[in-house]
Amino acid sequence: MAISVRLLLKGTAWTTGAFLLGNIFRLLTSIILARILAPEIFGVMLIVYTIRAGIELTSDFGVGQNIVYNKNAEDPEFYNTAWTLQLIRNVVLFVIFLVAVVPAARFYESPILLYIMPLTAFSFLFTGLTSVSPNLLRKRLQFAKLNVYDVFLGFMHSASHISGALVSPTIWGLVFGYLFSSAAGTIGSYFLLSDVKQKFYISKRYAWEITHFGKWIFVSSLAFFLATNFDRLYLAKVIPLEVVGVYAIARNISDLASSLFLRLGSSLLFPFISAHSQMPREEFRKQLAPIRIRFLLLAAVGFAVAASGADLAIKILYDQRYHAASWILPVLIMGAWISILANVNESTLLGLGRASYSALCNATKFAILLIGLPLGFKLYGLVGAVTVIAFADFGRYFPVLIGQIKERFSFGRQDLLATLIAFSLIGLLEWVRWASGFGTSFESLPGLS
């Protein structure tokens, strides 16, 4: 049995194209909003979004992953049970978020949170009502329709946020823009599949299957939140909000590369490997290996160009208030390469039904941040903190590599080769910049300028 290379390439093309278009919207939105709004507004919203993500991920039992992985997902009893559990969970999250309002406002000493957080809580209800159709599209490997929907979400997010900021160039413009885009995404999800009719229904059998498979998803999601958001929670407490806003700009841009591979992993690689998981392991690995290395080498070129030109992009596209991001961004992008490899490998193991490894690798990264971030900040200030954040993904990569070896599905040599090429290209491009009189990406680092 041979894997469908054509299907994989088609899915990659659709997913990459939709991702690039979506992030053009995202980047333009960031630039436009940065010219309209003050940095501290982004700092406050970073706190709100992070707390929301934390509450959501710490109760995740993997409804979407269940639908992609379970052989009974097309049964209306199954997907309606999944949708009902999703709705009940999000109603509970809505209440929890409201309870967290006062403690959050006191902890961050930001009274505006008392008014913003209750409004943004309604996004939980919109998410809970979202159709299961996007996840069924992933299971069916219908990449075209799924990615058109993702582009629609990106467009609505950009249009609503920019419109809100133009109408009200305050934090309220972002709040109402966020709520409008959340509602639009929920409504749009019901137009994806005509054969899916949602209704409130719970099957005891399927509810047990969902929660049983989701136990490791829950642990993994909790670890994932702590691993990917501890920096935001910590920095928002120890540095001024306007600096947090600048960091948020740099962090969001640096996440673009790793987010592409996270998207490819969750929307393409995970369902694709899950669909072929019955193949002999070694045969499947050999067929997948040449496709995988081509993708990584292409990613290495893009990564090197981004790392070597990120500071110039910040100085050209953003005004003086955000230029401090010109040294933060290249450091974060350097660490994003390890995140790319970790994302690809985690999705591979999840496709094999091994969700426990994701929990372990994210827990390891969180442990590194928990110890290293306060220590780095204490010793070297923001430079030390950003450096720890950038390279903490080593804590994700090695546990999942061990998992791949145990599952006889590892690509360690490929990862090493691609890493050597990526960083060699960065060295070459940095030399070209220096020789051409444009300096280097890291000359703006405090203490080096």
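The values are calculated or read from the model by the stated rules, or taken from the named source; none is laboratory data. Remember, it's a predicted structure, so these values are computed and weren't measured experimentally. Neighbour counts are summed over all protein chains in view; Cβ atoms, including those assigned to glycine, are modelled from backbone coordinates with ideal geometry. Keep in mind that these areas ignore ligands, DNA and RNA; they rest on the heavy atoms of the full protein, side chains included. Shrake-Rupley method; radii C 1.70, N 1.55, O 1.52, S 1.80 Å.
For the stretch 218-239, filtering for residues that are in contact with a Ser or Thr (Cβ under 8 Å, 6 or more places away or on another chain) and within 28 Å of TYR149 (Cα to Cα) leaves 7.
Being at pLDDT 85 or above, within 17 Å of LEU256 (Cα to Cα) and over 19 Å from the mean Cα position of the chain (by Cα) is a property that holds for VAL301. Annotation: of all residues in the stretch 391-409 being farther than 15 Å from ASN343 by Cβ and in contact (Cβ under 8 Å) with a residue 60 or more places away in the chain, the one that is most open to solvent (accessible area, probe 1.4 Å) is ARG408.
Listed by first and then second residue, the pairs with beta-carbon distance under 8 Å, at least 6 apart or on different chains, first residue in the stretch 23-36 and of a type in the set (Ser, Thr, Tyr), second in a helix (DSSP H, G or I), are THR29/HIS157; THR29/SER158; THR29/HIS161; THR29/ILE162; SER30/ILE249; SER30/ASN252; SER30/ILE253. With the structure loaded, tell me whether ILE210 is in a loop (DSSP other than H, G, I, E, B) and over 25 Å from ARG321 (Cβ atoms) or whether it fails that test. Criteria not met by ILE210.
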